[in-house]
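Colleague: I'd like to ask some things about the structure below.
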Amino acid sequence: MEPRHIFKIEEDFENIRIDKWFKKKVKLLPQSLIERILRKGKILVNNKKIKSSYKIQINDEIKIYANINNDEKIIKKKFSYLPSKKDYEIIESNIIFENDHYIILNKPSNLAVQSGTKTGKNIFDILKNYSDTKYSTPYLVHRLDAETTGILIISKTHESAKFFSESFKDQTIKKSYLAIVEGVLNNKSGTLKNELNYVENNKEKKYLSITNFKVISEAKNYSLLFLNPETGRKHQLRRQLSFIKHPILGEKKYTNKGLNKSKELNLMLHAYKVEFLINSKKIIHIAEPSLYFKNFCKDNKLTYELNNL
């Protein structure tokens, strides 16, 4: 099969990542699509398969086998946007901590962490695509649902990503959430334990899910909870609280029809705090709830002191 395009690298593009070169020289495609083309070997450098992190050199010969024009249909179907300056500024304005190793982002509501079949705009592509240098290689080490707000850790180096990935796997990172739920709980503190069903490779599996909870404020119709999950199952908090018939406000997926009377609200689940150890030193990061969350608490007489949590 003959390549559709052949390029010879000139001095102006020396030491630039192959994905950045592609967007500037060939076509401005979404990062996820470029990654897929590279994985399939449809872009070769000196007749070799390479990764997106490869830095091109003078006289490199790049052969492109992908039909870029036909891929327009894929873009329209699966990607609804290319990151804009405004997208990037929203992310940047919500960074609450940053060093040479990682970023702590106070994630806004209704923004996906990474792209999927039903999502276009996402944090990973915004950071990776918009800035050529500052966040050219972000590493996702955990996830938050698109509707959930609060602390999201993004690593800037491979070493940092390895540390956080292992910490989440070993459950040495402690995460705390705030949630506003329907109704008033009989028990003001305790532990939720459930065997939650998941389908993996067309087989149903059960995983134990454990969450410690404490009621920190309650009104006639609502309760504000402080949650410490000991396990990290998908949608764990949403499923467990719906199971005890105190669904999180705004929960639409796991709540029986008619039970949650506030589905029109944003999901009232906020990743408030994260704690971990680095060289035996305890590190704590806190993300303030959104103004939307705070105003709802104020309007419904749910009071709390975040400094005491």
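Colleague: Of the residues that make up region 247-269, is at least one in a strand (DSSP E or B), of a type outside the set (Val, Ile, Thr), more than 18 Å from Asp299 (Cα to Cα) and modelled with pLDDT of 90 or more?
Modeller: no
Colleague: Now for a different question. Which condition does Lys24 not pass, out of (1) touching a residue at least 12 places away in the same chain (Cβ under 8 Å); (2) under 15 Å from Ile68 (Cβ atoms); (3) open to solvent by 70 Å² or more (accessible area, probe 1.4 Å), if it passes all the others?
Modeller: Here Lys24 meets the rest and fails (1).
Colleague: Being out of contact with any Lys or Arg (no Cβ under 9 Å at 6 or more places or on another chain), among the polar types (S, T, N, Q) and at pLDDT 85 or above narrows it down to one residue among Ser84, Ser93; which is it?
Modeller: So the residue among Ser84, Ser93 that is out of contact with any Lys or Arg (no Cβ under 9 Å at 6 or more places or on another chain), among the polar types (S, T, N, Q) and at pLDDT 85 or above is Ser93.
Colleague: Still on this structure, please answer the following. Can you name the residue in region 27-55 that is within 28 Å of Ile123 (Cβ to Cβ), open to solvent by less than 30 Å² (accessible area, probe 1.4 Å) and among the hydrophobic types (A, V, I, L, M, F, W, C) and is also modelled with the lowest pLDDT among such residues?
Modeller: Among residues in region 27-55 that are within 28 Å of Ile123 (Cβ to Cβ), open to solvent by less than 30 Å² (accessible area, probe 1.4 Å) and among the hydrophobic types (A, V, I, L, M, F, W, C), the one modelled with the lowest pLDDT is Leu29.
Colleague: Hey, another quick one. Which pairs do you get when a residue that is under 15 Å from Ala287 (Cβ atoms), found in region 86-102, comes within reach of a residue that is surrounded by 15 or more Cβ atoms within 10 Å (Cβ to Cβ) and among the polar types (S, T, N, Q), reach meaning Cβ atoms under 9 angstrom, with the pair 6+ apart or on two chains?
Modeller: Between residues of region 86-102 that are under 15 Å from Ala287 (Cβ atoms) and residues that are surrounded by 15 or more Cβ atoms within 10 Å (Cβ to Cβ) and among the polar types (S, T, N, Q), the close pairs are Asn94/Asn106; Ile95/Asn106; Ile96/Asn106; Tyr102/Ser155; Tyr102/Ser160.
Colleague: Same structure, new question: State which residue is modelled with the lowest pLDDT when the search covers only region 134-155 and only residues that are open to solvent by 30 Å² or more (accessible area, probe 1.4 Å) and in contact with a strand residue (DSSP E or B) (Cβ under 6 Å, 6 or more places away or on another chain).
Modeller: The qualifying residue modelled with the lowest pLDDT is Tyr139.
The values are calculated or read from the model by the stated rules, or taken from the named source; none is laboratory data. Note that this is a predicted model, so its numbers are computed, not measured. Using ideal geometry, Cβ is built from the backbone for each residue, glycine included, and neighbour counts are taken over all protein chains shown. Protein only, heavy atoms only, side chains kept; ligands, DNA and RNA dropped before computing areas. Shrake-Rupley method; radii C 1.70, N 1.55, O 1.52, S 1.80 Å.
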